[in-house]
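Student: Sharing a structure, written as structure tokens. Questions coming.
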Amino acid sequence: MVKPAGGECNLSCAYCYYLAKTHLYPHSRFRMDEALLEDFTRQYIAAQRVPEVTFAWQGGEPLLMGLPFYERALALQRRYRPAGMRIANALQTNGTLLDAAWCRFLRQHDFLIGLSLDGPRELHDAYRRDRAGRPTFERVMAGLAALHEHGVAFNILATVHAANAEHPLEVYRFLRDEAGARFIQFIPIVERSTGNGGTDAAVSSRSVRPAQYGRFLTAIFDEWVRRDVGEVFVQTFDMALVLEHNGDLYACDHFVEPRYRLGNIAQTPLVELVGSAQQRAFGEAKRAALPQQCRSCAVLFACHGGCPKDRFLRTADGEAGLQYLCEGYRAFFTHVDHPMRLMAAELRQGRHARNVILRLAEEDAERSQRWARAERNAPCPCGSGRKFKHCHGRIGRMRGAEGTDAAI
């Protein structure tokens, strides 16, 4: 990822960690100059050994650079692109600066846009406000409308935080139905709290809680797997290298700190920085530094220990390095195991993964029938080992009292 405007942004989202990085460059105007843009473009393309190369423009807010900057970037890509190589561009934006001119340009050059949107108005505006403290929902939705109108490809990046974590289906359905998103990423907000006495688990009041995050993902998954498989794609966040506006290269956008600075591409070739011992050690440590509790966990293959920035808890044995969201990840990946296996079986048979919707509908109907016949003191048909009255019989009574399906 490349940040041509550094951490500069026209918004001041309460949970943004990019804005705090501007202090690392106290005398900068936070604009990548043309000489560095050309040097980066040449080095980045030359370092690739694949037929398609993607430039991922990030921020802060990358649209602050203005259209002429990206017109120049595309011209440089054309100059240095070897025969047979395809170049793609992706850009992450808060959407408030999008207008017809921007969208015509983005559509003409096939940019993929990542739009930051946290859900319906009240959930989005809880933390995503401008520098004057004003809400941004209307401006973001206007930008989204412009993307739709001009046929610009986009996905949605939604953060999960204290304000929206208890409203998973409201968030998901809004993004799917109102925003028209078909590709969605959910990013958990985990902020280490200051002034908390230094306790390992202390996080800000804005942060999502571990079990809460697991419930959020699970609720959305249960709707998605029974309705939207093959039509809506919920992606995970992939960490990547980050190039700052002045040429500094960091191992990851969550580690823009002096000790994780790999170097500067104006002084050391990009390909050497990426292949450096420091960068290899950073990647290898993601697994090597995991505590034994993680290495023996049944869902390690899925979460990979989570983002290293959030590994600040201790295990039950007192070992350091447990990921803050471990409880949520473990609950979620355990919950989705059976449906995922069903989808995998469909794919192995050469059929569409969407067939899982029919398979689960059949299982749900059969389960409802078993529950309808179950006696209060008999073992629950779900296999939990508890009596029906203390398991799904209790859940059924609760849901029935709320006016919902008592057979759930």
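The values are calculated or read from the model by the stated rules, or taken from the named source; none is laboratory data. Keep in mind that what you see is a predicted model, and the values were worked out from it rather than measured. Reconstructed Cβ throughout: ideal geometry from the backbone, glycine too, with neighbour counts over all protein chains shown. Side chains included, ligands, DNA and RNA excluded: accessible areas come from the protein's heavy atoms. Shrake-Rupley method; radii C 1.70, N 1.55, O 1.52, S 1.80 Å.
Student: If the cut-off is 13 Å between C-alpha atoms, which aspartates and glutamates fall inside it for residue 389, apart from same-chain ones fewer than 8 positions away?
Tutor: Excluding near neighbours in sequence, the set is 375.
Student: Tell me, what ³J(HN,Hα) does each residue in the range 40-55 have, in order and in whole Hz, if you take phi through Karplus 6.51 cos²θ - 1.76 cosθ + 1.60 with θ = phi - 60° and put x for Gly and Pro?
Tutor: 4, 4, 4, 5, 5, 5, 5, 7, 8, 10, 10, x, 10, 10, 10, 9
Student: Let me ask another. If you count only protein heavy atoms and use a 1.4 Å probe, how large is the accessible surface of residue 17, to the nearest 10 Å²?
Tutor: Near enough 80 Å² of accessible area.
Student: What are the ³J(HN,Hα) couplings of the range 365-381, residue after residue, when phi is run through the Karplus curve with 6.51, -1.76, 1.60 and θ = phi - 60°? Round to Hz, x for glycine and proline.
Tutor: 5, 5, 5, 4, 5, 5, 5, 5, 8, 5, 8, 4, 9, 7, x, 5, x
Student: Which of 372, 158, 281 moves most in a GNM of the chain, Cα contacts under 10 Å?
Tutor: Fluctuation is largest for 372.
Student: Give me Rg over Rh for the chain, both radii from the alpha carbons and Rh done the Kirkwood way, two decimal places.
Tutor: 1.00
Student: Summing +1 for each Lys or Arg and -1 for each Asp or Glu, what net charge is found among the other residues whose Cβ lies under 11 Å from the Cβ of residue 305?
Tutor: Values: positive: 286, 287, 295, 311; negative: 310.
With Lys, Arg at +1 and Asp, Glu at -1, the neighbours total +3.
Student: If you add up the charges near residue 135, with Lys and Arg at +1 and Asp and Glu at -1, over every other residue whose beta carbon is less than 14 angstrom from its beta carbon, what do you get?
Tutor: +1
Student: Rounded to whole Å, give me the distance from the Cα center of the range 271-290 to that of the range 328-368.
Tutor: Between the Cα centres of the range 271-290 and the range 328-368 lies a distance of 36 Å.
Student: How would the range 268-390 be classified by its alpha-carbon gyration tensor: rounded, prolate or oblate, with rounded meaning a/c under 1.5 and the a/b versus b/c comparison settling the rest? Don't jump to the answer; show the numbers that get you there.
Tutor: Details: a/c = 4.60, a/b = 1.79, b/c = 2.58.
Note, shape of the range 268-390 comes out oblate.
Student: Could I ask something else about it? Could you check the spin-label model distance between residue 131 and residue 260? Points 7 Å from the Cα along Cα→Cβ, value in nm.
Tutor: Placing both labels 7 Å beyond Cα along the Cβ direction yields 2.6 nm.
Student: In square angstrom, rounded to the nearest 10, how much accessible surface does residue 32 have for a 1.4 Å probe?
Tutor: That residue has around 10 Å² of solvent-accessible surface.
Student: Using amide H atoms built in the peptide plane, which far-off residues or other-chain residues are under 5 Å from residue 160 H to H?
Tutor: So residue 160 has HN proximity to 187, 189.
Student: Counting pairs of alpha carbon atoms under 8 Å apart in space and at least six apart in sequence, what relative contact order in percent does the chain give?
Tutor: Contact order relative to length: 13 percent.
Student: In terms of modelled amide H atoms, which long-range or inter-chain residues lie less than 5 Å from the amide H of residue 193?
Tutor: 203, 204
Student: What accessible area, in Å² to the nearest ten, does a 1.4 Å probe give for residue 16?
Tutor: Approximately 50 Å² of residue 16 is accessible to the 1.4 Å probe.
Student: Can you give the helix-only mean residue ellipticity at 222 nm for the chain, where every DSSP H stretch with n ≥ 4 adds -39500 (n - 2.57) and the sum goes over all residues, rounded to the nearest 500 deg cm²/dmol?
Tutor: Computed mean residue ellipticity for the chain: -11000 deg cm²/dmol.
Student: Estimate the FRET efficiency between residue 49 and residue 340 by the formula 1/(1 + (r/R0)^6), using the beta-carbon distance for r and 30 Å for R0, to the nearest 0.05.
Tutor: On the way: r = 33 Å, r/R0 = 1.08.
The value I calculate is 0.40.
Student: Per-residue HN-Hα couplings for the range 176-190, Karplus 6.51 cos²θ - 1.76 cosθ + 1.60 at θ = phi - 60°, whole Hz, x for Gly and Pro?
Tutor: Calculated HN-Hα couplings, in order: 6, 8, 8, 7, x, 6, 10, 10, 10, 10, 10, 10, x, 8, 10 Hz.
Student: What is the angle, in °, between the Cα long axis of helix 137-150 and the longest principal axis of the Cα atoms in the chain? Nearest 10 is fine, range 0 to 90.
Tutor: Value to nearest ten degrees: 80.
Student: If DNA, RNA and ligands are ignored and the probe is 1.4 Å, what is the ranking of 228, 317, 177 by accessible area, most exposed first?
Tutor: 317, 177, 228
Student: How much net charge surrounds residue 220 when only the other residues with a Cβ under 15 Å from the Cβ of residue 220 are counted, with Lys and Arg +1 and Asp and Glu -1?
Tutor: In short, -2.
Student: Can you sort 57, 224 by 1.4 Å-probe accessible area, starting with the largest?
Tutor: On the way: 57 5, 224 40 Å².
Listed by decreasing accessible area, they come as 224, 57.
Student: Which residue, 166, 363, 122, has the most motion in a Gaussian network model of the chain that connects Cα atoms within less than 10 Å?
Tutor: Of the options given, 363 has the highest mean-square fluctuation.
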